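Contents: one structure, followed by commentary.
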Amino acid sequence: MSSNSKSKPFIYYALANEQFTIPQLIQYGVAAEKAGFDGVWTSDHFQPWQPNEGHAGSAWVLLAALTQHTSRMQLGTGVTCPIFRYRPAVIAQAWASLSLLAPGRVFLGIGLGENLNEGAAGGGWAPYEERACMVTEAVRIIRELWEGDQTQIKGRVWTVDGKLYDPPASNIPLYIAASASAKSARLAGLYGDGLIMPGNVLKSNTAVKRAWEDAVRESGADPKTKPILVEHWAMFGNHNEGLEAAEKWRFISKA
């Protein structure tokens, strides 16, 4: 994770639920903290991108376990889709509970989802514009419930009438993923506490970052005060190990 300011960037380690079991990922998360990483994030999928990846454990269970096996690192998802598979109120409740287990150490990364996960799990699917509207409504619900007060929202998709009796122990940053979409970057700028995007997009697609920065200013904030979480890929090992890893990520260009 990096900031637009000149402050030292935070370095997170990605825990790939697609490639490893939950017990393995707990071990990797503990090792990442010992190695000096500032945090970890984990993918939140119902099934892997490709069948040969072989795994798709619950991201929420993993994060809950890591709150008890680590003491310093930031913990969150990259990313959770707050529509279709999950209801926003349930996400608000889960992250409030995680916050009680690790005060000041959890964040929520959200995105507009993939049919591979949301549709395949029976939650349904929709075109981009509808999903964008749903995510906007979901963010409002999550944020209001985190306040701990009685919440009454009659939205286009959800009607919420309730409260979290165990609100978060501290503020939970909510980041929104944009991938290569300027439209999603604008959503992140208007409604998120930061932006999640691939490193190659940040470097090559100036329109995405510009859309985010313009939207942040429109919301009344300074882009320099909000972080950008950038995902980079790295390979450590010999040539054969590289080939084995590439076979599990063929859906990504230039794997």
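Read-outs: derived from the displayed coordinates by stated rules, not from any lab. Since we're looking at a predicted model, the values are computed, not measured. In this analysis, Cβ positions are derived from the backbone assuming ideal geometry, glycine residues included, and neighbour counts consider all displayed protein chains.
Between H239 and C133, what length in nm is gained on full extension when 0.36 nm per residue of separation is reduced by their alpha carbon distance?
33.7 nm
When we measure straight from the Cα of K163, which lysines land under 24 angstrom away, once same-chain ones fewer than 8 places off are left out?
Answer for K163, where 24 Å is the Cα cut-off: K154, listed by chain and number.
For the chain, what's the relative contact order in percent, using C-alpha pairs closer than 8 Å and at least 6 residues apart?
Relative contact order comes out at 17 percent.
Calculate the length of the line joining the C-alpha centroid of segment 187-203 to that of segment 22-41, in whole Å.
Each part's Cα centre sits 24 Å from the other's.
How far is the Cα center of segment 61-120 from the Cα center of segment 163-181, in Å?
8 Å
Which whole-Hz ³J(HN,Hα) couplings does segment 13-25 yield from phi under the Karplus relation 6.51 cos²θ - 1.76 cosθ + 1.60, θ = phi - 60°, glycine and proline marked x?
Rounded to whole hertz, the list is 10, 8, 9, 8, 4, 6, 10, 9, 7, 4, x, 5, 5.
Where does each of 41-47, 28-34, 77-83, 212-218 land if you order them by average Cβ count within 10 Å, highest first?
In descending order of packing, they fall as 77-83, 41-47, 212-218, 28-34.
So if we plug the beta-carbon distance of D166 and E114 into 1/(1 + (r/R0)^6) with R0 = 25 Å, what FRET efficiency do we get, rounded to 0.05?
0.20
Can you show me the helix-derived [θ] at 222 nm for the chain, built from DSSP H runs with n ≥ 4 at -39,500 (n - 2.57) apiece and divided by the number of residues, rounded to the nearest 500.
That comes out to -11500 deg cm²/dmol.
At A14 and E147, where each label point lies 7 Å from the Cα along Cα→Cβ, what is the point-to-point distance in nanometres?
3.6 nm
Amide H of T80: which non-local residues (sequence gap of 5 or more, or other chain) have their own amide H closer than 5 Å, using H built in the peptide plane?
Hits under the 5 Å cutoff: G109, I110, G111.
Determine the sum of side-chain charges near G189: Lys and Arg each +1, Asp and Glu each -1, restricted to other residues whose C-beta is under 15 angstrom from that of G189.
Spelling it out: positives minus negatives among the neighbours equals +2.
According to the square roots a ≥ b ≥ c of the eigenvalues of the Cα gyration tensor, what is the shape class of the chain, taking rounded for a/c under 1.5, prolate for a/b larger than b/c otherwise, and oblate for the remainder?
Rounded.
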